[in-house]
Amino acid sequence: VLLLDFPAGEHYKTRETKQYLDEQLINARFERNGTIIAVGGGVVGDVAGFVAATYMRGVPYIQIPTTVIAQADSSIGGKTAVDYPQGKNLIGAFHHPHSVFIDTKTLCTLDGRNYRSGFIEIIKHGLIRDASLFSFIERNIDFILSHKDKQYPSIITAIMTKNCRIKNDIVAKDAKEQNLRKILNYGHTVGHAIEHLSGYSLFHGEAVAIGIAAEAYFSWKIGYLSESDYQKQLNLIKKTGLPLRIPDNISVDDIIDKMYVDKKARGSRPEFVLLQKIGKVKTFARGKTTTPVEEKELRSMLSALKKMK
Ligand SMILES: NC(=O)c1ccc[n+]([C@@H]2O[C@H](COP(=O)([O-])OP(=O)(O)OC[C@H]3O[C@@H](n4cnc5c(N)ncnc54)[C@H](O)[C@@H]3O)[C@@H](O)[C@H]2O)c1
Ligand SMILES: [Zn+2]
């Protein structure tokens, strides 16, 4: 076994890190009959997966994810990438892992902020696909958050198993994100804009929590979702200890600019995944899972959200 590592954090999810790893493999005469094993969070999984995708035109790799985000989301689905100064995940490849091994005990050493913010992706999987997962988390949230408890791994293993089945099922049906896989972006249209505008001071999961609160509100206001299903989402996000409100220093104009101007330059409009009820997304003509929202309407909904306490 050749053991390779690199410093932790998104700042190292770069082509320089990839180049370093490629060169180490070349120098060690690593061959195509070898296997890469990614042990770590989403950054390690995405970089190691991309190395595996391109090394000698592709070698197998195995994911051993150790954060909530990585166990719940990034280790499944074959998306691999590195960041560029111009944006996140700009260069990468679809390359599915040979297998994924999840040991929930690894989460016991994770700090509270990484732990809680990762959990939003599991909540999201419940929201878009499985009401029973959502209500299971609702009922057990206090126990889930006490993640250093000795009894903890058994319940979280049950949640993680359910979660991974949902993500795997969606990805298996639409690996290249033609339509169905887009539902995984619930909360992410607003969430990504907020994440970027916060200068990445908000974690991905925190920005997505704010994004889900906003997109749940749109789903209710446009008339697809009941008010009680909207409120349930807010309550669970709050109980998970995640933010709900758009930070004061981010204006409606900033968000609109981030979402529209970037897109308009490329001749497209931002698309939203909206909920019909907890566990089910709204589908549109010809089964489309996303819909554009007029800029004027979006601006008025975002302004109303900003005024809420
Ligand atoms: N490929 C995909 O489909 C996909 C999906 C979601 C997110 N992502 C990517 O995942 C990345 C975020 O992943 P992340 O949240 O795991 O971040 P991360 O990999 O940076 O890990 C967060 C921190 O936790 C530390 N850590 C890892 N495991 C630990 C453990 N068991 N105990 C204590 N500390 C531990 C890491 O060293 C790091 O400091 C982003 O780059 C994002 O783009 C990819
Ligand atoms: Zn996400």
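The values are calculated or read from the model by the stated rules, or taken from the named source; none is laboratory data. Bear in mind that the values here come from a model prediction, so they are computed numbers and not experimental data. Every residue, glycine as well, gets a Cβ built from its backbone with ideal geometry; the counts of neighbours run over all protein chains shown. Accessible surface areas use protein heavy atoms only, side chains included; no ligands, DNA or RNA. Shrake-Rupley method; radii C 1.70, N 1.55, O 1.52, S 1.80 Å.
Here LYS232 is the anchor, and the aspartates and glutamates within straight C-alpha reach of less than 15 Å, apart from those fewer than 8 places off in the same chain, are ASP130, GLU138, GLU215. Of the chain, which part is the longest with no GluC sites (Glu not before Pro) in a loop (DSSP not H, G, I, E, B) and with at most 11 other C-beta atoms within 10 angstrom? Between exposed loop sites, the widest span is 32-293.
Hey, with R₀ at 41 Å, roughly what FRET efficiency would ILE155 and TYR84 work out to, going by the Cβ-Cβ distance, to 0.05? It comes out at approximately 0.55. The residues of the chain expose, per residue, 49 Å² of accessible area to a 1.4 Å probe. Each of TYR61, HIS192, LEU298 was placed along the dipole of the chain (beta-carbon charges, centred on the mean Cα), and the one lying farthest toward the positive end is LEU298.
Ranking PRO85, VAL208, PRO270 by how far each Cα lies toward the positive end of the dipole of the chain (charges on Cβ) leaves PRO270 at the top.
Shown are VAL261, VAL44, whose ranking by accessible area with a 1.4 Å probe and every protein chain present, most to least, is VAL261, VAL44.
The P(r) of segment 179-293 has a tail past 23 Å containing 27 percent of all C-alpha pairs. Basic side chains Lys and Arg get +1 at the Cβ, acidic Asp and Glu get -1 at the Cβ, and with that the dipole of segment 93-134 about its Cα centre reaches some 100 debye. For the chain, the Cβ-based charge dipole about the Cα centre amounts to some 840 debye (Lys, Arg positive; Asp, Glu negative; other atoms uncharged). Rounded to the nearest 5, what is the percent of antiparallel bridges among the DSSP beta bridges in the chain? Close to 55 percent. Taking each residue as 0.36 nm, the span from LYS239 to ARG165 lengthens on full extension beyond its C-alpha to C-alpha distance by 24.2 nm. Rounded to the nearest 20 debye, the dipole size of segment 1-135 about its Cα centre is 200 debye, using +1 on the Cβ of Lys and Arg and -1 on the Cβ of Asp and Glu.
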